[in-house]
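Remarks on the structure that follows.
The values are calculated or read from the model by the stated rules, or taken from the named source; none is laboratory data. This is a predicted model, so every value here is computed, not measured. In this analysis, Cβ positions are derived from the backbone assuming ideal geometry, glycine residues included, and neighbour counts consider all displayed protein chains. Surface accessibility is based on the protein's heavy atoms, side chains included, excluding ligands, DNA and RNA. Shrake-Rupley method; radii C 1.70, N 1.55, O 1.52, S 1.80 Å.
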Number of protein chains: 4
Amino acid sequence: MIVVMKSGASQDQIRYMTAQVEGLGLKAHVIIGAERTVIAAVGIKRDGTKESLAIGDGVADVVPISAPYKVASLEVKEERTVVTAGSLQVGGPRVGMIAGPCSVESEQQILETARAVKTAGGSALRGGAFKPRTSPYSFQGMKEEGLELLAAARSATGLAIVTEVVASEDVPLVSHYADVLQIGARNMQNYRLLEAVGNCERAVLLKRGPSATIDELLLAAEYILDRGNTNVMLCERGIRTFESHTRFTLPLATVPYLHQKTHLPVVIDPSHGTGHAFLVPDMAAAAIAAGADGLIVEVHPNPEKAFSDGYQSLNFDAFASMMEQCRNIAHATGREL
Amino acid sequence: MIVVMKSGASQDQIRYMTAQVEGLGLKAHVIIGAERTVIAAVGIKRDGTKESLAIGDGVADVVPISAPYKVASLEVKEERTVVTAGSLQVGGPRVGMIAGPCSVESEQQILETARAVKTAGGSALRGGAFKPRTSPYSFQGMKEEGLELLAAARSATGLAIVTEVVASEDVPLVSHYADVLQIGARNMQNYRLLEAVGNCERAVLLKRGPSATIDELLLAAEYILDRGNTNVMLCERGIRTFESHTRFTLPLATVPYLHQKTHLPVVIDPSHGTGHAFLVPDMAAAAIAAGADGLIVEVHPNPEKAFSDGYQSLNFDAFASMMEQCRNIAHATGREL
Amino acid sequence: MIVVMKSGASQDQIRYMTAQVEGLGLKAHVIIGAERTVIAAVGIKRDGTKESLAIGDGVADVVPISAPYKVASLEVKEERTVVTAGSLQVGGPRVGMIAGPCSVESEQQILETARAVKTAGGSALRGGAFKPRTSPYSFQGMKEEGLELLAAARSATGLAIVTEVVASEDVPLVSHYADVLQIGARNMQNYRLLEAVGNCERAVLLKRGPSATIDELLLAAEYILDRGNTNVMLCERGIRTFESHTRFTLPLATVPYLHQKTHLPVVIDPSHGTGHAFLVPDMAAAAIAAGADGLIVEVHPNPEKAFSDGYQSLNFDAFASMMEQCRNIAHATGREL
Amino acid sequence: MIVVMKSGASQDQIRYMTAQVEGLGLKAHVIIGAERTVIAAVGIKRDGTKESLAIGDGVADVVPISAPYKVASLEVKEERTVVTAGSLQVGGPRVGMIAGPCSVESEQQILETARAVKTAGGSALRGGAFKPRTSPYSFQGMKEEGLELLAAARSATGLAIVTEVVASEDVPLVSHYADVLQIGARNMQNYRLLEAVGNCERAVLLKRGPSATIDELLLAAEYILDRGNTNVMLCERGIRTFESHTRFTLPLATVPYLHQKTHLPVVIDPSHGTGHAFLVPDMAAAAIAAGADGLIVEVHPNPEKAFSDGYQSLNFDAFASMMEQCRNIAHATGREL
């Protein structure tokens, strides 16, 4: 950590801060610059150290040096993590394609969709049974009945099941049916839930919150990894910005950036990331070109009739055509799809 | 809802969309404009209606007309809600001042702070016992022991207790000790938790998530109100923007805006809203000038030694001085503090 | 335009607003909904109409229906514009690749770079002679001497020259040397400058401002088109958001979105859009996969010694390798590079 | 500057970077930490130094230590600047109140408004003669005729005139009529214009661009100060964020923050900052409570008929009432209005 003194800080203030640094068990190096003095604080930082130094008299700023996450860091584990869950593999030589409806709505809907996803070459089926909804008056999902229908779709097609879990008390139930537990964007910092999935054996798809920084995403993953579950995929699904022509802003630079920081694989959600079906195929292709390890895409037999997210869902034809487009790009990057 | 057709939409497309609107049980009014045709869809909207219409052929946009929240709306209840919880009243002729440390750290720390808050004229004591923390390696709070210390501080000073609850399963325990349950910004859309506090009898302080829209905040409140708990305060604590010289951006226009939309009282948190102790007093004063019904401010006997949020905590002297500044502004707005 | 009345608006208020609409020369359709009344205002909107209606008593909102830009709209001209300027073509079957240093620094630097760009297959040379710089103490460019060096580089390689013009009074001078006039992000709404380039015959590369909406970008283009210059390329170079691990946030969804709204070709700048050389190649590839018509990339013989933007500049090897990567993606989308 | 090496950087990389730092004429201090090595680079930084170091092998980050602005800095001049221009004083014991229409529309409109502003206690008259407009089809202002009407209003009331200048070539003309030259948000980084107003003798009101950082605002001021004009007021008028219920987001923390960084006075524009007349008075009051040295507010005899910005303009009654509200707050802060 670097303690930056204000220009014009007094010798007393510098001495005081040096003592503060040493009082925290850190070694202090005082460096007198052309305009300012800085104190480098070396050693193992404890929680709150930065804050406590930053409010000292004469201090202009405290600049941390180390990344706050550990287990997720590429500096700790250089070998890339490949997540495997049934038919789905993410992080290897094949791009993982997770597709399906926002919500499970009926047996026919989910079975038809599973077959269409399978036929087009998808690797896993998504579908929400427990739905977190912005309004209490919106459809909240079919719950356990939905999970059973997902399991039936797996039996029929062999596709792994990806579905959201919204509360720690539901983890045993959802784990019973699902191959991958999805942590939704709203729950990225629901730490009780992160710990619960960290304690179970299912793979986890962790979605970035719409205002979370990359460090916050990696620290959320750290909650899961810290409990012993290392089968974690990170998912970029768009951030909130001033842009209003898309539902969220999808920053694909997250892909190469995360690949420099962490060994965990990166999945892109172009459906939530854009909010409009007509933008999804091009952004899916772009994600693969940027190096994404997987995609998660909303597909529905009849988007006009969907209970939720019809806006951003592809019908079967559009999905099959998007698969074609994405496969070409995957091949151009030396991978399969 | 207004379905806006693309310029150049065909008669067939317009006829098809008119039928779609009617198929949803809505009445359709077709209006032929200078450049475009729009179809006004009148009636009770069901979930997903907007989405399903928006993807019709030839449709440029679908514009909703009604606010999605109901019980929280000023259109439903014109009389302003006054929330009362022990010594705290928010929404009436006195500005409610909630103050205390980020985390309960020890008996001495919380008792000293409670007395300082009481002496300076504060109306309630805040303090975290269950702490949601970005990093799994950070101090996570004293849990039930912290709640007991808060209750002891109430006994000693008469101040109402405001403390955060982070999971639905903790609601009974936290309700046993606290006067006001705080829902933190990270949990604003933790619906299971919102329902749980909606089912209990404690007053609720609901913090806005850093990327939540005002409509999303009001819909989160709606989850609580819908369960029958109407003692809800809304809290603005800053949004995430590109500004980096403050921790969050504190948009005080939220105060007069919410006062036009909802009967629920509005509390401002200038500590998280700025992230720097030196900015807190002026922003607290500004919040009252903008009409805020209450404030929640971090105060610590020794911010340099705080386990969390030392950066943005006032010491006792700074808090007493801020109270003086705020009291002058409250009087200038015809209120007490 | 749709005037949305407040729920509970009185008959008098509705009558008054209807008269207001008619007073503006528009036809009023009153639609009585389940909860609210709306008035559809049909006809040619004049400037300020929306504002004047919005402040009427009992009005909740006024919703515009038509896009504010005309000449740039795909609704006005369906055929895509192909911009040609010397060796550069953007909007056709070949992806246009503009590359070069941020600033022209010396004869050797620009000639070497031009040759490297040419060898790797680039289609135009960029280089700043007039540099708008955040600080008055930074290098401000070589000015006319820089333009002469660019022209010399064109003579040596045949590459078209793309360079920025920062003031209307410089347009004749810069036009004398350059093939494409770049309007930088800071000047996107410098209307005097837009008019000046609209009056000249050079092709224009118009960069989106970091907080401009897409409508504002298209209206800025409209200033140029309106003066008769239709050789306009739109350039996305990133927007300002809370993300701090990249210099700006590069929203590639701009590409397919603009392709649905305008006939003008779309260029992506992954150098400014990310701010880090290690992110540029993957984002360049992603841009092409998303359908970008062209790219503009910073290349420097020795980024460590660059006078500006060294951070985000590729050296010659990295650029050649990026070209390879991009060419594969271009082929996968059925285009050349 | 602090060069932070990657964890695991080799001794060779550290030696190489040390040599690089010294090659730039800086003194290098190598500090070996628990996890990483950092190199403190001491001395006068040249332009591009940060960039050139940041791309060295094994470098994780380069952290600047000094603020980039000089003349505007409180560290350079501790005494606060008071700007005086005719009847207007900003930065002293009286809050400066600038009010008037967005655009000058007619003699009657501007004279009536000037009298109403004067009567209510305003200190200067604003009014646009050269209007930068998002759309080329919008009203662009009365130009020199508008300036003459402003001068006539000054003769009639004694109020100083604040009006925008949009191009360097207009500075002599606008200076001839105006007391204060306003640089609009769109032109905050139009450096040619900043230099032109820096070379003239009129006071300047410099508006923050909607995506400019505080450092960028201060560096824009630096362009003016550097030319010798020190009569500069900084104006916060809102930033662009995801909030859509206000036109911009008005971050009042800018006021106390700037007061810690610069000696220049700070003006708040609650009209653009909110975009809605009903939010203006409370935000004006809040701005004064936060310590703002001045306000700039849009007032129009008949906002429903305004050529521009009718939405956010107060009529005379609302303005007089706002003045009363603001005066109470000013007194509560020990100042006059």
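Legend: Rg and Dmax of chain C, from Cα coordinates, 23.2, 77 Å.
If the segment from C:Lys305 to C:Gln108 were pulled out straight at 0.36 nm per residue, it would be longer than the present Cα-Cα gap by 69.6 nm. Expressed to the nearest 5 percent, the antiparallel share of DSSP beta bridges inside the protein assembly as shown is 40 percent. What is the angle, in °, between the Cα long axis of helix B:316-332 and the longest principal axis of the Cα atoms in chain B? Nearest 10 is fine, range 0 to 90. Long axis of B:316-332 versus the principal axis of chain B: about 50 degrees.
For the chain pair C and A, the interface hides roughly 2600 square angstrom of accessible area in total, found with a 1.4 Å probe. Positive end of the dipole of segment D:187-301 (Cβ unit charges, origin at the Cα centre): among D:Ala292, D:Leu264, D:Leu234, the Cα lying farthest that way belongs to D:Leu234. Interface residues of segment A:52-71, defined as those losing at least 50 Å² of solvent-accessible heavy-atom surface relative to the isolated chain (probe radius 1.4 Å), are listed as A:Ile55, A:Ile65. For a label point 7 angstrom out from the Cα of D:Thr119 toward its Cβ, which stretches of segment D:154-173 have the backbone nitrogen within less than 20 Å? Answer for this model: D:154-160. On C-alpha positions alone, give me the angle between the axis of helix B:11-23 and the longest principal axis of chain B, in degrees, nearest 10. Orientation of helix B:11-23: about 50 degrees from the principal axis.
For the protein assembly as shown, what does the alpha-carbon gyration tensor say about shape, rounded, prolate or oblate, given a ≥ b ≥ c as the root eigenvalues, a/c under 1.5 as rounded, and a/b over b/c as prolate? It is rounded, given that a/c, with a ≥ b ≥ c, falls under 1.5. A Förster radius of 35 Å combined with the Cβ-Cβ distance from D:Arg94 to D:His176 puts the calculated FRET efficiency at roughly 0.80.
If you take all other residues with their beta carbon under 11 Å from the beta carbon of A:Ala67, and give Lys and Arg +1 and Asp and Glu -1, the sum is -1.
Measuring from each Cβ of chain D to the axis that turns chain D onto chain C, the shortest distance belongs to D:Ser211, 2 (residue, then whole Å). Take the Cβ atoms of B:Arg227 and A:Ser155, set R0 to 35 Å, and the FRET efficiency comes out at 0.40. For segment B:54-129, which whole-number percentage of the solvent-accessible area (1.4 Å probe, protein heavy atoms only) is attributable to carbon and sulfur atoms? Solvent-exposed carbon and sulfur of segment B:54-129 make up 49 percent of the total. A Gaussian network model of chain C, with springs between Cα atoms under 10 Å, assigns the largest mean-square fluctuation among C:His29, C:His276, C:His263 to C:His29. Split the accessible area of segment A:236-337 by element, probe 1.4 Å, and carbon with sulfur accounts for 45%. A Förster radius of 30 Å combined with the Cβ-Cβ distance from C:Glu144 to C:Ser321 puts the calculated FRET efficiency at roughly 0.30.
Take segment B:57-180 with all the other protein chains still there, run a 1.4 Å probe, and you get 37 Å² of accessible area per residue. Here A:Asp215 yields copy-to-copy label distances, from shortest upward, of 1.5, 3.3, 3.7 nm, the label point defined as 7 Å from Cα along Cα to C-beta.
Determine the distance separating the Cα centre of segment A:79-121 from the Cα centre of segment C:92-125; give it in Å without decimals. Between the Cα centres of segment A:79-121 and segment C:92-125 lies a distance of 43 Å.
Report the antiparallel proportion of the DSSP beta bridges in segment A:1-149 as a percent, rounded to a multiple of 5. Just about 85 percent of them are antiparallel.
In the assembly of identical copies, C:Arg335 has its label point, taken 7 Å from Cα in the direction of the beta carbon, separated from the corresponding points by 2.2, 5.4, 5.6 nm (ascending, one decimal).
Relative to the longest principal axis of the Cα atoms of chain C, the long axis of helix C:280-289 makes an angle of roughly 50 degrees. In the protein assembly as shown, the DSSP-assigned H stretches of four residues or longer account for a calculated mean residue ellipticity at 222 nm of -10000 deg cm²/dmol, using -39500 (n - 2.57) per stretch and the full residue count as denominator.
Pick from C:Thr246, C:Thr18, C:Thr84: which residue has the top mean-square fluctuation in a GNM of chain C where Cα pairs under 10 Å get a spring? Per the Cα network of chain C with a 10 Å cutoff, C:Thr18 tops the list. Between B:Leu88 and B:Ala160, the built amide H atoms are under 5 Å apart, and every one of these is 5 or more places off in sequence or on another chain. Please report how far the C-alpha centroid of segment D:16-34 lies from that of segment A:275-299, rounded to the nearest whole angstrom. Centre-to-centre distance over Cα atoms comes out at 44 Å. Between copies, the label points of A:Glu107, set 7 Å from Cα on the Cα→Cβ line, lie 6.4, 8.3, 8.5 nm apart, reported in increasing order to one decimal in nanometres.
This model, with +1 at the C-beta of Lys and Arg and -1 at the C-beta of Asp and Glu, gives segment C:1-94 a dipole about its Cα centre of some 280 debye.
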